[in-house]
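Below: the structure, in structure tokens.
The values are calculated or read from the model by the stated rules, or taken from the named source; none is laboratory data. The structure presented is a predicted model; accordingly, all values stated were derived computationally and were not measured. Methodologically, a virtual Cβ is constructed for each residue, glycine included, from the backbone with ideal geometry; neighbour enumeration extends over all protein chains shown.
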Amino acid sequence: MYSILFQNNDFLVINKAAGIGFHDEDGVDGICSIVRKDIGRLVFPVHRLDKVTSGLLLLAKSSAAAAKLAKLFELHEIQKYYLGIIDSKPKKKQGLVKGDMERSRRSMWRLTKTLTSPAVTQFFTQSIGDGKRLVVLKPHTGKTHQLRVALNSLGSPICGDPLYQSADAWKYDRAYLHAYCLQFTLDGEDFSFVADEFSGELFATPACKEALVAYAQPETLAWPKV
């Protein structure tokens with residue numbers, strides 16, 4: 001369900017499994033409630049992950065720590081990197097996806113050409129065979145479904161995404177989006193976390209594991225200009 005990767009007096013970092021909701025829903029505990037009950041104290045979310053997304057989630061242990069971490073997110077001083085897998089050729093293999101997002105249908109969002117308050121995402125892709133590509137993504141904003149919409153706008157929705165690849169999602173054992181790396185500085189101390197354990201048949205293939213070696217330190221990649 002989740003594992004604790006790190007904790008101190010201010011926050012803890014967990015690796016959430018795919019399929020665990022963020023909020024309580026229909027009598028089922030979300031991840032924040034689950035962690036709170038397990039550790040016996042309140043936790044304060046400062047960002048979120050979609051139910052279908054696995055990986056790193058940062059939870060504050062006090063309202064004061066939550067305020068400091070939320071400020072870092074607001075100032076874009078927390079670097080986030082995600083991994084995904086797609087099964088169709090994107091309009092471009094690397095680059096920048098930028099545009100406003102608006103509600104579409106069935107709780108979906110879509111990217112527009114306007115830039116009033118744009119979602120901004122950098123990405124690279126690499127072939128892992130069988131028509132599939134591993135994607136590493138760096139969001140510069142935190143919009144709802146941002147990465148899922150970004151890849152869908154390129155004609156390559158995330159494998160197994162129940163919303164944006166609804167016709168073919170049944171083929172896969174999960175939605176292939178994983179919050180892989182978090183990096184930030186808090187009170188003068190540098191923190192870097194990597195969640196390199198994740199479920200999924202596609203992530204476990206030898207070709208994918210080999211491709212992941214190149215992304216072991218995503219901050220060192222030659223990211224496209226924003």
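For the stretch 59-93, filtering for residues that are over 17 Å from CYS159 (Cα atoms), in contact (Cβ under 8 Å) with a residue 40 or more places away in the chain and not in a loop (DSSP other than H, G, I, E, B) leaves 10. Of all residues in the stretch 1-48, those being hydroxyl-bearing (Ser, Thr, Tyr) and closer than 23 Å to ILE78 by Cα number 2. Within the stretch 64-96, the set of residues being of a type in the set (A, V, I, L, M, F, W, C) and more than 17 Å from LEU134 (Cβ to Cβ) comprises ALA64, ALA65, ALA66, ALA67, LEU69, ALA70, LEU72, PHE73, LEU75, ILE78, LEU96.
Looking only at the stretch 1-55, filter to residues that are among the hydroxyl-bearing types (Ser, Thr, Tyr) and in contact with a Leu (Cβ under 9 Å, 6 or more places away or on another chain); which one of those is farthest from LYS143 (Cα to Cα)? Full working, then the answer.
Taking the stretch 1-55 as the starting set, the residues that turn out to be among the hydroxyl-bearing types (Ser, Thr, Tyr) are 2-3, 33, 53-54.
From what's left, in contact with a Leu (Cβ under 9 Å, 6 or more places away or on another chain): 2, 53-54.
Values: TYR2: 24, THR53: 14, SER54: 17 Å.
Result: TYR2.
Taken over the stretch 1-18, residues that are at pLDDT 95 or above, over 21 Å from ALA65 (Cα atoms) and outside any strand (DSSP E or B) amount to 2.
Filtering the stretch 168-218 down to residues that are more than 26 Å from LYS51 (Cα to Cα) and at pLDDT below 95, which residue is surrounded by the fewest Cβ atoms within 10 Å (Cβ to Cβ)? Full working, then the answer.
Kept after step one, since they are more than 26 Å from LYS51 (Cα to Cα), are these residues of the stretch 168-218: 185-190, 206-207, 210, 213-214.
Remaining after also requiring at pLDDT below 95: 213-214.
Details: VAL213: 7, ALA214: 13.
Among residues in the stretch 168-218 that are more than 26 Å from LYS51 (Cα to Cα) and at pLDDT below 95, the one surrounded by the fewest Cβ atoms within 10 Å (Cβ to Cβ) is VAL213.
Considering only residues that are out of contact with any helix residue (DSSP H, G or I) (no Cβ under 6 Å at 6 or more places or on another chain), outside any loop (DSSP other than H, G, I, E, B) and either of a type in the set (S, T, N, Q) or more than 16 Å from ILE85 (Cβ to Cβ) (or both), which ones fall in the stretch 171-212? Correct list: LEU182, GLN183, THR185, LEU186, GLU189, ASP190, PHE191, SER192, PHE193, VAL194.
Every residue in the stretch 103-129 that is charged (D, E, K, R), free of Cβ contacts under 8 Å to residues at least 40 places away in the same chain and within 19 Å of GLY160 (Cβ to Cβ), please.
So the first thing to find is which residues in the stretch 103-129 are charged (D, E, K, R), and the list is 103, 105-106, 110, 113.
Now restrict to residues that are free of Cβ contacts under 8 Å to residues at least 40 places away in the same chain: 103, 105, 113.
The answer is none; no residue qualifies.
When you look at SER166, is it of a type in the set (S, T, N, Q) and either assigned to a loop (DSSP other than H, G, I, E, B) or over 16 Å from the mean Cα position of the chain (by Cα) (or both), yes or no? Here the answer is yes, as SER166 does meet what is asked.
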